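The values are calculated or read from the model by the stated rules, or taken from the named source; none is laboratory data. Values in this document were obtained by computation on a predicted structure and should not be read as measured data. Glycine also receives a Cβ, built like all others from the backbone with ideal geometry; neighbour counts cover every protein chain displayed. Heavy atoms of the whole protein, side chains included, go into the accessibility calculation; ligands, DNA and RNA do not. Shrake-Rupley method; radii C 1.70, N 1.55, O 1.52, S 1.80 Å.
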Amino acid sequence: MTLNEPYIMKNFLNEAAPVIRKAVFPIAGLGSRFLPVTKATPKEMLPVVDKPLIQYAVEEAYASGIRQMIFVTGRTKRAVEDHFDTAYELETELERAGKHELLALARSIAPSDMACIYVRQHRALGLGHAVLCARPLVGQEPFAVILADDFMVSQRPVLAQMVAHFEQFRCSVVAVAQVPPTEVNKYGIVEGRQHSSGALELTHVVEKPALGQTASTTAIVGRYVLMPTIFDHLAVIASTQTVGEIQLTDAILQALKTEAVHALAFEGKRYDCGSKLGMLQATVDIGAQHPDVGQQFALWLSERQNQL
């Protein structure tokens, strides 16, 4: 595996008959951990080297056979919509200047067979509410949810691994990773029993448990493939809960009463780009293997290390 592979858009699943056709990207958050840059710039538009987080996420979905990208946005997220739109002025200038390689790069951001659809989340009521906002666009079919600030690098896209698992077992799937015991209060934490596939069949899930509340350190990390029944559970929670955020984990817990949910420990590396440290780590690792500047950057890093 090389870290520059996310720069290559491939299709890892059956494009002719995709089992998951739609991906939901909840991007309405304020990104307050990255202030002041996120005062005017969406967190999802922060770059890892030369590509924004949201583009990596969309490319992962596209490479997993998905062609309908549903963005749940807020009023400060116009830059995301512009990014995936056609930039006529830019393309005209590049074509006029004979910069055909850059022109192709600009056009590749949104392939002609990919649809970008936008819906507003008018109030910040949590991830579950953001997913519920996409219900009219998803309809009654299974779908993916991708959190762009969980940046994944893998030889085979993490979402493609999950879609393949879903195709075989036809149940909701969440991506999981082990986290330090001192950090369980930052994640949705799952418990379960081993399934014959090697995945974990969930028996319980709790959102951000207090330290010591659970012995599990298995955390949900930014990728979901969900049955459409999740919308019914979210709607019930939304209609009965009067205060606080609507959590997707609460809906998954309700789903466990009537259906199976699997947790998949994926092959690949995750960077928590919702944090400054994770963003810096991703930038260094991707930068060191970037096809244009990687060799020079890696040399500079080595020389700098020797100077310290």
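In the chain, what % of DSSP beta bridges are antiparallel (nearest 5)?
Numbers: 25 of 43 bridges.
Of the beta bridges lying entirely in the chain, close to 60 percent run antiparallel.
Run the quick spin-label model on ASP50 and ASP82: label points 7 Å from Cα toward the beta carbon, then report their separation in nm to one decimal.
Placing both labels 7 Å beyond Cα along the Cβ direction yields 2.1 nm.
Quick check: residue separation of LEU105 and ASP292 times 0.36 nm, minus the Cα distance between them. What number comes out in nm? Mind dumping the intermediate values first?
Values: separation 187, 0.36 × 187 = 67.32 nm, distance 1.38 nm.
Net length gain for the segment: 65.9 nm.
Normalising by the residue count of region 72-201, find the relative contact order in percent from Cα pairs under 8 Å and 6+ residues apart.
The normalised contact order for region 72-201 reaches 20 percent.
I need the phi-derived Karplus couplings for region 231-245: 6.51 cos²θ - 1.76 cosθ + 1.60, θ = phi - 60°, integer Hz, Gly and Pro marked x.
5, 4, 5, 5, 5, 5, 4, 5, 7, 10, 8, 9, 9, x, 7
When the chain is fully extended, how far beyond the present Cα-Cα distance does LEU137 get from ARG96, taking 0.36 nm per residue of separation? Mind showing how you got there, number by number?
Working: separation 41, 0.36 × 41 = 14.76 nm, distance 3.87 nm.
Stretched fully, the LEU137-ARG96 segment lengthens by 10.9 nm.
Rounded to the nearest Å, what's the spacing between the alpha carbon centres of region 134-176 and region 234-266? Just the number, please.
With region 134-176 and region 234-266 each reduced to a Cα centre, they are spaced 16 Å.
Tell me the per residue accessible area of the chain using a 1.4 Å probe; a whole number in Å² is fine. Can you show the working numbers first?
On the way: 15480 Å² over 308 residues.
Dividing the accessible area of the chain by its residue count gives 50 Å².
What's the angle, to the nearest 10 degrees (0 to 90), between helix 276-288's Cα axis and the longest principal axis of the chain?
Helix 276-288 and the main axis of the chain meet at about 50 degrees.
In whole angstrom, how far apart do the alpha carbon centroids of region 190-212 and region 37-109 sit?
Taking the Cα centre of region 37-109 as reference, the centre of region 190-212 is 35 Å away.
Rounded to the nearest 0.05, what FRET efficiency do LYS39 and GLU183 have when you use their Cβ-Cβ distance and R0 = 30 Å?
Values: r = 27 Å, r/R0 = 0.92.
Using R0 = 30 Å, I get an efficiency of 0.65.
Label region 151-192 by shape, choosing from rounded, prolate and oblate, from the square roots a ≥ b ≥ c of the eigenvalues of the Cα gyration tensor; if a/c is under 1.5 it is rounded, and otherwise prolate applies when a/b is larger than b/c, oblate when it is not.
Details: a/c = 3.48, a/b = 1.55, b/c = 2.25.
Since a/c reaches 1.5 but b/c is at least a/b, the shape of region 151-192 is classed as oblate.
Stretched out fully, how many nm does the piece from ARG75 to VAL243 gain, at 0.36 nm a residue minus the Cα gap?
Working: separation 168, 0.36 × 168 = 60.48 nm, distance 2.25 nm.
Stretched out fully, the ARG75 to VAL243 stretch lengthens by 58.2 nm.
Would you mind computing, in nm to one decimal, how far apart the modelled labels at ALA265 and ARG21 are, each placed 7 Å from Cα along Cα→Cβ?
It is 3.6 nm.
If you take the beta carbon distance between LEU211 and TRP300 as r and set R0 to 45 Å, what does 1/(1 + (r/R0)^6) give as a FRET efficiency, to the nearest 0.05?
Details: r = 40 Å, r/R0 = 0.89.
Between LEU211 and TRP300 the formula returns 0.65.
Excluding TYR88 itself, calculate the net charge of residues whose Cβ lies under 13 Å from the Cβ of TYR88, where each Lys or Arg counts +1 and each Asp or Glu counts -1. Please report the intermediate quantities before stating the final value.
Values: positive: ARG96, ARG107; negative: ASP82, ASP85, GLU89, GLU91, GLU93, GLU95.
Summing Lys and Arg as +1 and Asp and Glu as -1 gives -4.
Which order do the peptides 135-148, 85-98, 207-220 come out in when sorted by mean C-beta neighbours inside 10 angstrom, highest first? Walk me through the intermediate numbers first.
Working: 135-148: 19.5, 85-98: 11.6, 207-220: 15.6.
Listed from highest to lowest mean packing, they are 135-148, 207-220, 85-98.
For region 263-308, compute Rh as the Kirkwood radius over C-alpha pairs and then the Stokes-Einstein diffusion coefficient at 20 °C and 1.002 mPa s; write the answer in µm²/s, rounded to an integer. Before the final figure, lay out each step's value.
Numbers: Rh = 12.1 Å.
Once the numbers are plugged in, D ends up at 177 µm²/s.
Would you kindly work out the equivalent ellipsoid of the chain from its C-alpha gyration tensor and give its semi-axes, the square roots of five times the eigenvalues, largest first in whole Å?
On the way: eigenvalues 198, 110, 80 Å².
Ellipsoid semi-axes (Å, largest first): 31, 23, 20.
If I compute solvent accessible area with a 1.4 Å probe over the protein chains, what percent of it on region 176-296 is carbon and sulfur?
Working: 3080 of 5960 Å².
Accessible surface attributable to carbon and sulfur in region 176-296 totals 52 percent.
With contacts defined as alpha carbon pairs under 8 Å and 6 or more residues apart, what's the relative contact order of the chain in percent?
Values: 550 pairs, mean separation 69.2, N = 308.
That works out to 22 percent.
Which distance in nm do the two modelled labels at SER32 and LEU308 give, with both placed 7 Å along the Cα-to-Cβ direction?
Label-label distance for SER32 and LEU308, simple model: 3.2 nm.
By its C-alpha gyration tensor, with a ≥ b ≥ c as the square roots of the eigenvalues, how is region 248-288 shaped: rounded for a/c under 1.5, else prolate for a/b larger than b/c, else oblate?
Working: a/c = 7.61, a/b = 2.54, b/c = 3.00.
Oblate is the answer for region 248-288, as a/c is 1.5 or above yet b/c matches or exceeds a/b.
Restricting the calculation to Cα positions, tell me the Rg (one decimal) and the Dmax (whole number) of region 214-308 in Å.
Looking at region 214-308, its Cα Rg and Dmax stand at 20.7, 60 Å.
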